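Structure first, then comments.
All of the numbers you see were taken from the coordinates with simple rules; none came from a lab. Since the structure is predicted, the reported quantities are computational estimates derived from the model, not experimental observations. Glycine gets a Cβ as well: all are built from the backbone with ideal geometry, and neighbour counts include every protein chain shown.
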Amino acid sequence: MNFINPKTDFAFKRIFGSEQSKDILISFLNAILYGENPIIKDLEILNPYQVPRIRGIKDTYLDVKAKTNDDETVIIEMQVLNLEGFEKRILYNAAKAYSIQLGSGESYSMLNPVIALTITDFKMFANLEAMISRYILKEKDYLVDYPIHDIELVFVELPKFNKELSNLVTVADKWIYFLKNARAMESIPDTMANIPAIKKAFDVANQATLTRDELDDLELEFRLISTSSRKSPAS
């Protein structure tokens, strides 16, 4: 078996962002965001194109956007290259996802929380050992939380994950191992196949299930990433 690389835009959206993969996304988010607690029981996968309500505001595209059963919006980006301005783009997309919830005349009390989950194939925070980090608004001097936790930034830095297959313990471990290593694997390990959503993710990522056009699109993206990585300075 050959698996497509989950870190490419095409593959990530195919695996986590299609309606047929809703159970995959629920398992992934509960593992990464909620310590495997089944907080998210259902969700709706939304159009990742964030249309601005004001003419002239910059359009943005996300890899995956979903609304949970608790009316929480989760936006997800898988980023392979550390491009200039990326940190600002994360803030922009989170603020935009929060602000476009309201129409003219609607009350601010109708705003629901937004979580911006960013997965990077490079180290964003070299001075932080944690692989998964979470940021919310705090008072600058006393570090007291802002009373409303409506915008949260969550980061998963793949290079900081170094566990071998035999050392995977949590579902989060297995999901991150999948993201890092699926492309190089030839079969679904038993220790991962016992999680139905992860097994399904492997099935979706099976290269044999792709059409010729989809394989061409994937090859084109891989070439573009390879070219960009050679031009970009090392992070």
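Just a few scattered comments:
- Computed [θ] at 222 nm, deg cm²/dmol, the chain (DSSP H ≥ 4; -39,500 (n - 2.57); rounded to nearest 500): -10500 deg cm²/dmol
- Considering only the chain, percent of DSSP beta bridges that pair antiparallel, nearest 5: 55
- Among the GluC sites (Glu not before Pro) in region 15-47, those located in a DSSP loop and surrounded by at most 13 other Cβ atoms within 10 Å of their own Cβ are Glu36.
- When the Gaussian network model of the chain links Cα atoms closer than 10 Å, the mean-square fluctuations of Asn112, Asn127, Asn181 top out at Asn127.
- Extension gain, Glu186 to Phe161: 0.36 nm times the residue separation minus the Cα-Cα distance gives 6.9 nm.
- Cα-based radius of gyration of the chain once divided by 2.2 N^0.38 Å, which approximates compact folds: 1.04
- Separation in nanometres of the label points that stand 7 Å from Cα toward Cβ, at Ile39 and Leu83: 3.0
- Listed residue pairs exceeding 29 Å between alpha carbons, taken from Lys41/Lys96; Lys22/Lys140; Lys65/Lys180; Lys88/Lys163; Lys138/Lys199; Lys41/Lys123: Lys22/Lys140; Lys88/Lys163; Lys138/Lys199; Lys41/Lys123
- Proximal charge balance of Glu72 [Cβ under 10 Å; K/R count +1, D/E count -1]: -3
- Mean-position separation - Cα centroids, region 125-166 and region 5-40, in angstrom: 19
- Reach of Lys160 by Cα under 15 Å, taken over aspartates and glutamates that are not fewer than 8 positions away in the same chain: Asp121, Glu129, Asp173
- The chain - percent relative contact order, Cα under 8 Å, separation 6 or more: 26
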